[in-house]
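The values are calculated or read from the model by the stated rules, or taken from the named source; none is laboratory data. The shown structure was predicted, so the numbers you read here are calculated from the model rather than taken from an experiment. In this analysis, Cβ positions are derived from the backbone assuming ideal geometry, glycine residues included, and neighbour counts consider all displayed protein chains.
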Amino acid sequence: MRLDRELACNEMVELVTAYIENALEPVDRERFEEHLVFCDGCDRYLDQMRATIVATGRIDRGRLPADLEERLLEAFRGWRAS
Amino acid sequence: MHVLSPEDARLVDGLRAGDEAAFAALMREYGAGMLRVAQMFVSSRTDAEEVVQDAWIGVLRGIGRFEGRSSLKTWLYRIVANTAKTRGVREARSVPFSALAAEREGEHAVDPDRFIGSGERFPGHWGVPPQAWAPEPELLETETLDVIERAIQQLPPAQRAVITMRDVQGFTAEEVRNALDLSETNQRVLLHRARSKVRNALEEYMG
């Protein structure tokens, strides 16, 4: 991806994922980071996108519904006995 | 090439030996993720649970032939996806992802009204910048995670599939591109749309 001028905030917010995924050209990455230095709004926006990713990674808190677990265990016992 | 972690290898050996504790451990490690994969293909929760149940039977039948060429998680998720498809429960919701990738036109990560208009002094800069959020512990509370869950459920299918695989299940961009047959750019755009909407939902909840 190649950008050709100074970035406005409404462009920054569209580039956040490309930035996080390391998909920006080095020169554009630099431009993105320069903008962050003087723009608290975009700096906070980037932090919030990162926090969103972390929190999204926690939504599978693991356990299956108890009745489904029980059905699966029964299926396992049936398979083992066969 | 064998890519099994020592822990997964131990569970696979246990399962082959008919060890119920190994089965229970596998179910607890991967079951919820498998249910989520099933829900990508079928609309009702009941159908998804049946798919998971059938998939586990497939896992038990196939475990003897599992060679560890893919990670255990990839293998399990593939069985769930195939089970969902062969049951014929695929429906309108799982339209081809590549076709849907074109849906993105005209979407904005942030409401355009929050930026200064073109006739003014700093066009495109924040008019209504984001406010600080609560610190991380609150972000990881159950209620907040439920907000994320609902936001993901409301996404268009291709966006939901990509964010589910990338950010919920932790697959790499390349694995997602291969699984969903997406270009590098489309994968990233779909992920960006999805993440932006989840962030917006969190912002609304925190505000």
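Quick one: would you say B:Gly14 is in a helix (DSSP H, G or I), within 14 Å of chain A (Cβ to nearest Cβ), surrounded by fewer than 16 Cβ atoms within 10 Å (Cβ to Cβ) and in contact with a helix residue (DSSP H, G or I) (Cβ under 8 Å, 6 or more places away or on another chain)?
no
What tally of residues in the stretch B:56-78 results from selecting those that are hydrophobic (A, V, I, L, M, F, W, C), more than 10 Å from chain A (Cβ to nearest Cβ) and either within 18 Å of A:Glu69 (Cβ to Cβ) or surrounded by fewer than 20 Cβ atoms within 10 Å (Cβ to Cβ) (or both)?
The total comes to 2.
Any residue at all in the stretch B:118-128 that's within 17 Å of A:Ala55 (Cβ to Cβ) and not assigned by TED's automatic domain parsing to the domain that holds B:Arg36?
no
Kindly provide the set of residues from the stretch B:101-121 that are outside any helix (DSSP H, G or I), modelled with pLDDT under 90 and of a type in the set (Asp, Glu), ordered by number.
Answer for the stretch B:101-121, where residues must be outside any helix (DSSP H, G or I), modelled with pLDDT under 90 and of a type in the set (Asp, Glu): B:Glu105, B:Glu107, B:Glu120.
For A:Glu11, all conditions in the list (1) within 13 Å of another protein chain (Cβ to nearest Cβ); (2) over 19 Å from B:Gly117 (Cα atoms) hold save one; what is the number of the exception?
Unmet for A:Glu11, out of (1) within 13 Å of another protein chain (Cβ to nearest Cβ); (2) over 19 Å from B:Gly117 (Cα atoms): (2).
For the subset of the stretch B:114-123 comprising residues that are more than 9 Å from every other protein chain (Cβ to nearest Cβ) and surrounded by 10 or more Cβ atoms within 10 Å (Cβ to Cβ), which member is nearest to B:Gln159 (Cα to Cα)?
Here the residue is B:Gly117.
For the stretch B:146-167: of the residues being closer than 16 Å to A:Glu21 by Cα and not charged (D, E, K, R), which is nearest to the chain's Cα centre (by Cα)?
For the stretch B:146-167, the residue satisfying everything is B:Met165.
Please enumerate the residues belonging to the stretch A:12-66 that are surrounded by 13 or more Cβ atoms within 10 Å (Cβ to Cβ) and part of a loop (DSSP other than H, G, I, E, B).
Within the stretch A:12-66, A:Glu21, A:Ala23, A:Leu24, A:Cys39, A:Gly57, A:Arg58, A:Ile59, A:Asp60, A:Leu64, A:Pro65 qualify.
Among the listed residues B:Thr164, B:Thr144, B:Thr172, which satisfies the condition of being at the interface with chain A (Cβ under 8 Å from one of its Cβ atoms), polar (S, T, N, Q) and on the phi < 0 side of the Ramachandran plot?
B:Thr144
Quick one: how many residues across the stretch B:124-141 are at the interface with chain A (Cβ under 7 Å from one of its Cβ atoms) and touching a strand residue (DSSP E or B) at 6+ places or on another chain (Cβ under 8 Å)?
Residues flagged as at the interface with chain A (Cβ under 7 Å from one of its Cβ atoms) and touching a strand residue (DSSP E or B) at 6+ places or on another chain (Cβ under 8 Å) within the stretch B:124-141 amount to 3.
Within the stretch A:48-57, can one find any residue that is closer than 30 Å to B:Ile63 by Cβ and modelled with pLDDT under 95?
Yes, there is a match, as at least one residue in the stretch A:48-57 is closer than 30 Å to B:Ile63 by Cβ and modelled with pLDDT under 95.
Taking the residues in the stretch B:81-100 that are surrounded by 13 or more Cβ atoms within 10 Å (Cβ to Cβ) and touching an Asp or Glu at 6+ places or on another chain (Cβ under 9 Å) as candidates, determine which candidate is modelled with the highest pLDDT.
Looking at residues that are surrounded by 13 or more Cβ atoms within 10 Å (Cβ to Cβ) and touching an Asp or Glu at 6+ places or on another chain (Cβ under 9 Å), I get B:Thr83.
In the stretch B:147-195, which residues are among the charged types (D, E, K, R) and assigned to a loop (DSSP other than H, G, I, E, B)?
Across the stretch B:147-195, the qualifying residue is only B:Asp181.
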